[in-house]
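Okay, so here's the structure we're looking at.
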Amino acid sequence: MKTITRRGALAGAAGLAAATSPGFSRAQAVKPRLTVISQWSAGSDGAAITALGKKFEEKGGVWQHSPVPGFTTEMMNKLRAQIMAGDPPACSQLKGPEIAAWSKIAPVATLDELVAAAGYEKVVAPDLAKLHKPGGKWIALPLQIYSTNMLFLSKRAMDKAKADKVPVTWADFNALAEQMKAAGVTHPIANGGTRPDDGQKFEAAIAGISPTVYRAAFMNLDAKALKAPEVKAAFAQVRKIADWMDPNTAAQHYSTNLKRFVAGEMGMMIQGGWAQGVLLNSGFKLEDFIIAPGPSDNGKPVFLLNADAFIFWQRKEADLQAGQKLMAQLVMDPAIQTMYSQITGSIPVRTDVDLSGAGWSDGQRRTAAALKDAVASNQAVLSLAHNMAQENGMTAAIIDVLTEYVKNKSITPDQAVARLTDAVEGAR
Amino acid sequence: MHRGAFTPGRAFVYAVVCLIAAAYLLPFAVVALNSLRTAEEIAQTSMIGWPQSWAFGNYAIAWDKFCVAQTCSGIQPYMANSALVTIPATIISTLLGAVAGYAVSLWRFPGDRWIYGIITIGIFLPQQMRLLPWTIVLRETALTNTLTGLVLIHTIQGLSFTTLFCRNYYVAIPQELMRAARIDGAGFFRIFWRIVLPLSPPILIVTVIWQFTHIWNEFLYGVTFTTGQQQPVTAALISLTAAVADVPQHGVQSAAVMIAALPTLLVYLFGGRYFVRGLTAGAVK
Amino acid sequence: MSTRPATLDTMRRLPEYLVIWVPLLLAAGHLISFALWTIWVSFTPSTLVPVTGWVGLRNYNAVLATRNWNIAFDNLLLFGTAFVLLSLLMGLGLAILLDQRIRGENVLRSIFLYPLALSFVVTGTAWSWLLNPGIGIQKLVNNLGWTSFRFDWLIDRDMAIWTIVIAAVWQSSGFAMALFLAGLRSVDADLVKAAQIDGAGPLRIYRRVILPVLWPITVTVVVIQLQFAITTFDLVRALTGGGPGIATQLPALVVYDFMFQRGLLGRGAAAAVLMLLTLLAVLLPYWAWRYVQHRRASRA
């Protein structure tokens, strides 16, 4: 892989060399084996994890992946059933604060030595690192990153509106939407209407208005911050977004709008980086759209972090332990992260991977640059809508309020703020 | 009410029936048409429409090509898994239900009403609620991640319906027949074998159809209690539909849905006649 | 042999007892133990996995204070009533139509029955396409020239529950039809003839001869459709996902959501127990009715 920096490659090599860590030393002689549970079964997700499995096999391992198709809930049901049966997988997909929650119900493996050997902690965003080492010990490893508040602009809609500037603040965004509407773009916003989509609209709004309030209100659940005027302003912004959407989208996935988005009948979309892959796989071209960081009122990019990760469960079998070690090394390896992100359209967790190579898109480069800037200005925050900021129970309770607000135009921002505080209290 | 006599009234009846039939066929038609359209065509035009070019290739992909993660074998092996669970569970739960229904309806014993009442409640319990208890049962019986475990679950859960159906049917068997048989010295098994079972085909067909479709279409247990290559066909279908971060493959997905629905559709197509006949013969009393 | 004859008899009849009791105990036993287990969990602080402990009525209070649960409960009342009545009427109507000795009865019957064979994947996705105003029936009719035609219940939070009623009636009215058709076919033909000779019109025959036969069937249909209504889960999940917003939540969804999606087992169990109690509130009158009927029948 030519796209990796020298330092990254060295770090990866160091990880592979750290084969003598005591916890894993017994695993030396056996053939590494790994049992994995994930929900990644189809499309680019399925292709990416399959490619990872191939690498695992190339290193002499036995790859036993059980994809649990469907929604995250079914995957967790499967994990729960395995844990209750005393047979957890060696490694399973899990993300955000759920890592800490689940690590309390069954023993997990400790990856500290492997992480230290690979020098991984230095190249991971601090907020992200924290999620994967609850109680101070690394038990899970992040694999790839998306930002949930990227702004997708339709080139044709921009042409129609005779606009050429990418909006930076919410005021710019609103002006552009009005401009598009005046120019005949019937629905300036092309988002969908699913629960996470409604959550995304709101978190993009509040984080763009004030990342500080977002952090206090939605990451730390500060009761005062939840009632802050910024939260009310975010609800008002979401109402604007909702009014610019096609009312027919209801529970539809955003991908049903892509055709109209590219054709310029719809103008903008607040989506995660994954939408790029979806657009390309639907037969549309990179020239059809622009990807930029989502609106931020202070002008510096705000990055709503969404990271997929693997948690490692404690297993006594020597071959599984060897498999866990190999897997951990692979997941931290810059070459593997490059391969993975290039398939899925995400960006690597490692901040030291060079994205200038041909395998990366402008959107990915911009996302990576946004992450770097956001980390520098302390504006990289954890996504609520994608279960990174809170445990699932709290997230779902908040999203109930958000999705109801988006769908019911008779709820005022003031009422929404009141409902939000109630929901948070009820779920605490 | 004579067949063939064509009156305005009958024309009206035909018109109404055909209209309703068309409405009933509509959802199926949409899926069937989409199964012959390419994903691009659906994405670029609309979800509902006539195929511009007939994409029969969707069926080939659905049958043995599309990938569920690293396994690119299409829907075909999952069909076999579903059959391996559905067929034994249907047969066993039907037979046990027949015996239980026979016992409850024709052999009075203490507590029979209570047991029957509890079993009736069983049909009302949502299966989501039983997921964790079953997890514990499978752990205790060491049947987690086996098709046998799924057969066990579906057999026991199916007992509620099969017992109910059979009991309601057997209640109609005249008591004189039973009395006469008992005077002749016939016991529990002999009466079941000689008298009850020969009368049973209509209701057994009803329970078989019912069980077969329910078990075949079940998703939650199938996906939770199996692993990797043992998953039932509904799990493979979901892997095609629920790829949230990806382009919906509506064409292949619809083709896979058509293939997966084929066994149950055939069961209804060929069994439908007996279904009504079986119900007519007494199950409704 | 020193064994007494009674024991000998028991020994001889052992297989019989086994065959009677094993399936019955399995069927009833698993229900009782699962229900008791759920009741126990509903009083514990369980989150991701069941744990021991006692929190009293905390889970119940939390569930009852949730908007989702209240909406779901109201929806169940509306959905349950509308769905049971409509599928009853639809089933009866179709059965009467099919009973007119029409040609192609086999084909038509299969058409009305086939939705029962389909899983929620088909039902939910196909209906979500058809009912979506932007791509489905509304668009089709608009394109045909009737541009003011509106059929946008799917996105209307007051009407969305009715889309679930439509899909559910579509899916299971065939079963009601089959039962009613069976009932109509079992009507004594001689009785109908006798009534005709007496000069009774078709309406009168329906009322006097046929409806009495259909009455017990109606009860069966209601019970089975009620079961369908209460356990409805997949259909909503695939069709509306509980939306728009949380407008089409149903108790079974809330139970699943609490238990597994939110990782709040205790609350989910409490919701499940509340569902069970509601169920008993419906079933007890039915049992009382059956009991009275049974007494009347044995007296006659």
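The values are calculated or read from the model by the stated rules, or taken from the named source; none is laboratory data. Quantities reported herein were computed from a predicted structural model and do not represent experimental measurements. Positions of Cβ are backbone-derived with ideal geometry, glycine not excepted, and every protein chain shown enters the neighbour counts.
Here are some notes:
- Exactly one residue among C:80, C:91, C:124, C:136 is closer than 17 Å to residue B:30 by Cα, buried (at least 19 other Cβ atoms within 10 Å of the Cβ), more than 7 Å from every other protein chain (Cβ to nearest Cβ) and of a type outside the set (Asp, Glu), and that residue is C:124.
- Segment A:258-291 - residue that is within 14 Å of chain C (Cβ to nearest Cβ) and out of contact with any strand residue (DSSP E or B) (no Cβ under 6 Å at 6 or more places or on another chain) and, of those, surrounded by the most Cβ atoms within 10 Å (Cβ to Cβ): A:258
- When residue B:63 is tested against (1) touching a residue at least 40 places away in the same chain (Cβ under 8 Å); (2) within 27 Å of residue B:160 (Cα to Cα), exactly one condition is not met: (2).
- Annotation: residue C:145 fulfils all but one of (1) within 14 Å of chain A (Cβ to nearest Cβ); (2) farther than 22 Å from residue B:267 by Cβ; (3) not acidic (Asp, Glu); the unmet one is (1).
- Per this entry, residue A:114 is counted among residues that are buried (at least 24 other Cβ atoms within 10 Å of the Cβ) and in a helix (DSSP H, G or I).
- Condition broken by residue B:11, with the remaining ones in (1) buried (at least 20 other Cβ atoms within 10 Å of the Cβ); (2) at pLDDT below 90; (3) of a type in the set (A, V, I, L, M, F, W, C); (4) out of contact with any strand residue (DSSP E or B) (no Cβ under 6 Å at 6 or more places or on another chain) satisfied: (1)
- Screening segment C:206-248 for residues that are within 16 Å of the chain's Cα centre (by Cα) and outside any helix (DSSP H, G or I) and picking the one that is farthest from the other protein chains (Cβ to nearest Cβ) gives C:232.
- Candidate set: segment B:15-52, residues that are touching a Leu at 6+ places or on another chain (Cβ under 9 Å) and aromatic (Phe, Trp, Tyr); chosen: the one farthest from residue C:106 (Cα to Cα): B:50
- Where residue B:186 falls short, out of the listed (1) buried (at least 19 other Cβ atoms within 10 Å of the Cβ); (2) assigned to a loop (DSSP other than H, G, I, E, B): (1)
- Some residue of segment B:157-171 being modelled with pLDDT under 85 and of a type in the set (Ser, Thr, Tyr): yes
- Tally, over segment C:109-142, of residues that are touching a Gly at 6+ places or on another chain (Cβ under 7 Å), in contact (Cβ under 8 Å) with a residue 60 or more places away in the chain and either on the phi > 0 side of the Ramachandran plot or among the aliphatic types (A, V, I, L, M) (or both): 1
- Residue list for segment C:96-110, filter: more than 7 Å from chain B (Cβ to nearest Cβ) and among the hydrophobic types (A, V, I, L, M, F, W, C): C:96, C:98, C:107
- Sole residue being closer than 30 Å to residue B:165 by Cα, out of contact with any strand residue (DSSP E or B) (no Cβ under 9 Å at 6 or more places or on another chain), surrounded by 16 or more Cβ atoms within 10 Å (Cβ to Cβ) and of a type in the set (Ser, Thr, Tyr), chosen from C:44, C:38, C:10: C:38
- Test: residue in segment B:79-93 that is under 30 Å from residue C:291 (Cα atoms) and assigned by TED's automatic domain parsing to the domain that holds residue B:156: yes
- Candidates are the residues of segment A:191-202 that are out of contact with any Asp or Glu (no Cβ under 8 Å at 6 or more places or on another chain) and not in a helix (DSSP H, G or I); the one that is farthest from the other protein chains (Cβ to nearest Cβ) is A:192.
- Within segment A:122-133, not a single residue is surrounded by 20 or more Cβ atoms within 10 Å (Cβ to Cβ), more than 23 Å from the chain's Cα centre (by Cα) and either within 14 Å of another protein chain (Cβ to nearest Cβ) or outside any helix (DSSP H, G or I) (or both).
- None of A:364, A:415 is part of a helix (DSSP H, G or I), farther than 19 Å from residue C:254 by Cα, among the polar types (S, T, N, Q) and modelled with pLDDT of 95 or more except A:415.
- Test: residue in segment A:77-100 that is surrounded by fewer than 21 Cβ atoms within 10 Å (Cβ to Cβ), on the phi > 0 side of the Ramachandran plot and in the same structural domain as residue A:128 (by TED's automatic domain parsing): yes
- Restricting attention to segment B:123-173, the residues that are within 22 Å of residue C:258 (Cα to Cα), of a type in the set (S, T, N, Q) and buried (at least 20 other Cβ atoms within 10 Å of the Cβ) add up to 2.
- All positions within segment A:51-71 that are among the β-branched types (Val, Ile, Thr) and either in contact (Cβ under 8 Å) with a residue 40 or more places away in the chain or touching a Phe, Trp or Tyr at 6+ places or on another chain (Cβ under 8 Å) (or both): A:62
- Search result, residues across segment A:273-297 that are assigned to a loop (DSSP other than H, G, I, E, B) and touching a residue at least 40 places away in the same chain (Cβ under 8 Å): A:273, A:294, A:295, A:296, A:297
- Every condition in (1) crowded, with 21+ Cβ neighbours inside 10 Å; (2) farther than 30 Å from residue B:46 by Cβ; (3) out of contact with any Leu (no Cβ under 9 Å at 6 or more places or on another chain) holds for residue A:225 except the one numbered (1).
- Residue within segment A:211-221 that is touching a residue at least 40 places away in the same chain (Cβ under 8 Å) and within 14 Å of chain C (Cβ to nearest Cβ) present: no
- Qualifying residue in segment A:314-332 (condition: touching a residue at least 12 places away in the same chain (Cβ under 8 Å), surrounded by fewer than 24 Cβ atoms within 10 Å (Cβ to Cβ) and within 18 Å of the chain's Cα centre (by Cα)): no
- Scanning segment A:386-414 for residues that are over 19 Å from residue A:102 (Cβ atoms) and away from chain C (no Cβ under 14 Å) gives A:412, A:413, A:414.
- Selection within segment A:161-218 - β-branched (Val, Ile, Thr), more than 22 Å from residue A:255 (Cβ to Cβ) and more than 18 Å from the chain's Cα centre (by Cα): A:166, A:168, A:169, A:209, A:212, A:213
- Considering segment B:22-48, and only residues there that are β-branched (Val, Ile, Thr) and more than 7 Å from chain C (Cβ to nearest Cβ), the residue that is farthest from residue C:130 (Cα to Cα) turns out to be B:38.
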